[in-house]
Amino acid sequence: MNQLLCITFRFIQPFPLFHGRGDADEPEWPPSPMRAFQALVNAVSVRARGRTLDVDLIKMLLLIESIQPSIIAPRAEVATVGHRTYVPHNQADLVTAAWHRGNHDASVASHRMEKDIRPMRLSNRDDIPAVHYLYPLDASCDALQLLATIRPPVRSITALGWGIDQVAADAKLVTQSQSVSLAGQQWAPTQTRGRLLRTPRQGSLVALQHRHNKFLERLAGGDWTPVPALRAFRVRAYRRGDEPAPRPCRVFELRKTDGSRFRYPHRMLIHLAGMIRHLAIEAMKVSPPAGVDENWVETYVAGHVTEHEREHRQLSYLPLPSVGHQHTDPGVRRIVIVAPLGDDVWLDHVARRLAGQVLKPLRGNEFGDSDPPVLVPIKGDNVSRRYTEPANTWHSFTPVILPGHDDHKPEKTRRLIEKALQQSGIDQPCEFEWSAFSQFPKSLSAHKYDRNGRLIGYVRPDHLLSQTAVHLTLRFRDNLKVPGPLAIGAGRHCGLGLFASVESS
């Protein structure tokens, strides 16, 4: 049976905190495998005291940098109360210039900026919190020799994160079954979207040694030489064991023939969804993927439910209103096509054949005097990420069409919302609030009519006009981050009941 090398960092503060930051100075949790590798390399180097590293130690570090570990970590959340520090900003060199001119009254205190520190607060309700990194070992690896080599430097590690994040570290060998009993939440590498963490790769050890040497030489010859940034690492997605897998999706921009962005009114976004659905149907009639049955286009692409179908699977066509700051124009400039879990191959087949296609009006007047836009595939941007990246709190931008009428009874509204969540495949425990109005200021209300009896709000399909619509806020429990796209209710395949996250995270 293959074994796992388990390197454990146990936080020893009375109130465990973790100050490490990820890319863009965002709070990092769990601590990245690259951070653990750097702590190990530092410990090995400190013990060597300037001597050349032992061959066995180098082999051990080269082996570990080539393995992508899974992580078991305690629950953690950003502290609600932090502290403020003041650090010199980029103009602090003016002070030294003033001193050089003889102005000894110049002070660095006048060239400082505020920096608020809010660390991750670790849960320690059960035991002293610890983070475990599990490295799967090949059967050809001498596990006992590896453990004997790595354990002494691991035990000399004193911090993970900032210097004040003190830990006691150790290493041991465990089996897969034994690893299940380790306390904490499991984070595993994933090929889909997840928490992005830095991991070592081939060349990381050499790059760290090179960067350390450049640091020692930064003042050589009396001149200051900047220390190069560390580049030898990968960024890999990790997903928590209880987090749902993201549905596969492909994002398109709407472009004019001259290359500029096309804007479509968000009130009529279901017309846009219908045009893209029509394009997909026509393209798949001509070039369906291999191995599908004769009803695949009708059921999967068009979304029509057959009489005896038990589990209906179909594509969703979701126009994305623009979100951002409070003055953002909410017009639709992007659309995302979403497939059921596991259908990446079919989605890619459809997306490739829609790329570069020009939308065709179905009603004849959707674009007025403008030329129809072109579908241009993109990997994503700041707007689309508000609809796709994992988040704990979500607000509906378009109203959720409930499966029935609530007769203006709150308890019936609650039951219909719970039913809509279940039908949409959301089985994670969450709290919800509803209203006629969205948390997004430029979104339209869930009302069907104004005081004069005229239709208002978002255009709906005729068969959904009699059903109750509400705007929802969803908050998932235990700080669970659920990936998008998130669409709920009877109009979830055409852009109604579409949710965006409170913030990009």
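Quick note: the coordinates plus some simple rules give every number you see, no bench work behind them. Values in this document were obtained by computation on a predicted structure and should not be read as measured data. Positions of Cβ are backbone-derived with ideal geometry, glycine not excepted, and every protein chain shown enters the neighbour counts.
Among the listed values (1) 232, 50, 40; (2) 87, 50, 41; (3) 80, 70, 49, the one computed from these coordinates for Cα extents along the principal axes in Å is (3). The residue among Gly161, Ala143, Gln176 whose Cα reaches farthest toward the positive pole of the charge dipole of region 96-199, with charges on the beta-carbon of Lys, Arg, Asp and Glu, is Gly161.
Remark: C-alpha extents of region 413-492 on the principal axes read 45, 27, 22 Å, sorted largest to smallest. Dipole check for the chain: with +1 at the C-beta of Lys and Arg, -1 at the C-beta of Asp and Glu, and the Cα centre as origin, the magnitude is about 680 Debye.
With helices as the sole contributors, the chain gives -7000 deg cm²/dmol at 222 nm; each DSSP H run of n ≥ 4 counts as -39500 (n - 2.57), and the sum is divided by every residue. Only one residue of Pro321, Gln467, Ala24 has its Cα farthest out toward the positive end of the dipole of the chain, where Lys and Arg carry +1 and Asp and Glu -1 on Cβ, and that residue is Ala24.
For Leu486, neighbours were defined as the other residues whose beta-carbon sits under 14 Å from its Cβ, and their charges (Lys and Arg +1, Asp and Glu -1) total +4.
Among 185-192, 288-295, 67-74, the peptide with the highest mean count of other Cβ atoms within 10 Å heads the list, and the full ranking is 67-74, 185-192, 288-295. Applying 0.36 nm per residue to the separation of Lys214 and Phe15 and subtracting their alpha-carbon distance, the gain on full extension is 68.0 nm.
Can you pull out the trypsin sites (Lys or Arg not before Pro) in region 421-459 whose DSSP state is coil and whose Cβ has at most 12 other Cβ atoms within 10 Å? Listed in order of number, the matching sites are Arg451, Arg454. Think of each Lys and Arg Cβ as +1 and each Asp and Glu Cβ as -1; about the Cα centre, that makes the dipole of region 249-501 roughly 700 debye. One equal scatterer on each Cα of region 305-419, no solvent, Debye formula: the resulting log10 I(q)/I(0) at q = 0.12, 0.17, 0.18, 0.21 Å⁻¹ is -0.69, -1.21, -1.27, -1.34.
Projecting the Cα atoms of Trp434, Ala36, Leu4 onto the charge dipole of the chain (Cβ charges, centred on the Cα centre) puts Ala36 farthest toward the positive pole.
Note on region 417-505: with charges restricted to the Cβ of Lys and Arg (+1) and Asp and Glu (-1), its dipole about the Cα centre is near 280 debye. Could you give the distance between the Cα centres of region 474-490 and region 318-379, to the whole Å? Taking the Cα centre of each part, region 474-490 and region 318-379 sit 22 Å apart.
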